[in-house]
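The values are calculated or read from the model by the stated rules, or taken from the named source; none is laboratory data. Since the model is a prediction, treat every value here as computed from it, not as a measurement. In this analysis, Cβ positions are derived from the backbone assuming ideal geometry, glycine residues included, and neighbour counts consider all displayed protein chains.
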Amino acid sequence: MKFIKQKSHTTEQTDAELVASYKQSGSLEVLGALYNRYMHLVFGVCLNYFKDEEQSKDAVMQIFEELITKLRLHDVQNFKSWLHVLTRNHCLMALRKATRHHTVALEDSFVENMDFVHLDVDDAKERRLSVMEKCMETLSEEQRASVDLFYLQEKCYKEVSEITGYEMTKVKSYIQNGKRNLKICMERNSGE
């Protein structure tokens, strides 16, 4: 971890004092001194998620850039714990974003197939989709909205909470219960 340079002399101020000083002054030097205390831990968390040293180094810098604005917005009681959560969320969102944009190369023979292929949708699959649509209507409004945003529109819990106005714990509950109720309904109606 040669890219992380720790100063031989650390400031005498506590984390809370440095956070307060940064919020008041906006000084990047103060924020840098505070972040430097935990940069090696941030790197370790990133490396644990990404399994790639260069990507982890980039994430360490991106997280510092996030800190510039986010630290001023939040009331932080324990900086080390808050930074750990911020780091973990950054890594999870980066991994989620990377999986969304996964591309696959197609061979020429796949695209230029001389055989005529009829594109009928599988009847069984269409029936399952129809049953799912009917079952979605049986869910409560909160469950239906939460399940739709989370699974069909691929929003994270925070985004679902912001869009619907529901508390985060309620969103998780609505999604879990909605998924269970949807499964029960689909199993009950799959024979029709």
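Restricting attention to region 25-82, which residues are under 22 Å from the mean Cα position of the chain (by Cα) and of a type in the set (D, E, K, R)?
K51, D52, E53, E54, K57, D58, E65, E66, K70, R72, D75, K80 - these are the residues of region 25-82 that are under 22 Å from the mean Cα position of the chain (by Cα) and of a type in the set (D, E, K, R).
Which residue pairs have Cβ atoms closer than 9 Å, lie 6 or more positions apart in sequence or on different chains, and pair a first residue in region 50-79 that is over 16 Å from D15 (Cα atoms) with a second residue that is of a type in the set (G, A, S)?
Qualifying pairs under 9 Å: F50/S56; F50/A59; F50/A94; Q55/A94; S56/G44; A59/A94; Q62/A94.
Out of the residues in region 112-143 meeting the condition of being acidic (D, E) and assigned to a loop (DSSP other than H, G, I, E, B), tell me which one is modelled with the highest pLDDT.
D122
Determine if region 44-55 includes at least one residue that is at pLDDT below 95, in the same structural domain as C91 (by TED's automatic domain parsing) and not in a helix (DSSP H, G or I).
Scanning region 44-55 turns up at least one residue that is at pLDDT below 95, in the same structural domain as C91 (by TED's automatic domain parsing) and not in a helix (DSSP H, G or I).
Restrict the check to region 180-192 and report whether at least one residue is surrounded by 12 or more Cβ atoms within 10 Å (Cβ to Cβ), at pLDDT 85 or above, in contact with a Ser or Thr (Cβ under 7 Å, 6 or more places away or on another chain) and more than 29 Å from H90 (Cα to Cα).
yes
Which of the residues belonging to region 145-159 are surrounded by 15 or more Cβ atoms within 10 Å (Cβ to Cβ) and among the hydroxyl-bearing types (S, T, Y)?
S146, Y157
Go over the candidates E162, E142 one by one and state the one that is of a type in the set (D, E), surrounded by 13 or more Cβ atoms within 10 Å (Cβ to Cβ) and under 16 Å from the mean Cα position of the chain (by Cα).
E162
Among the residues of region 165-186, is there at least one that is touching a residue at least 40 places away in the same chain (Cβ under 8 Å), out of contact with any Asp or Glu (no Cβ under 9 Å at 6 or more places or on another chain) and within 19 Å of R100 (Cβ to Cβ)? Spell out how you get there, then give the answer.
Restricting attention to region 165-186, the residues satisfying the condition of being touching a residue at least 40 places away in the same chain (Cβ under 8 Å) are 181-182, 185-186.
If we keep only those that are out of contact with any Asp or Glu (no Cβ under 9 Å at 6 or more places or on another chain) too, we end up with 181-182, 185-186.
Still in the running and within 19 Å of R100 (Cβ to Cβ): none.
The answer is no; no qualifying residue exists.
For the list (1) modelled with pLDDT of 90 or more; (2) in the same structural domain as E53 (by TED's automatic domain parsing), I need the number of the one condition that T169 fails.
(2)
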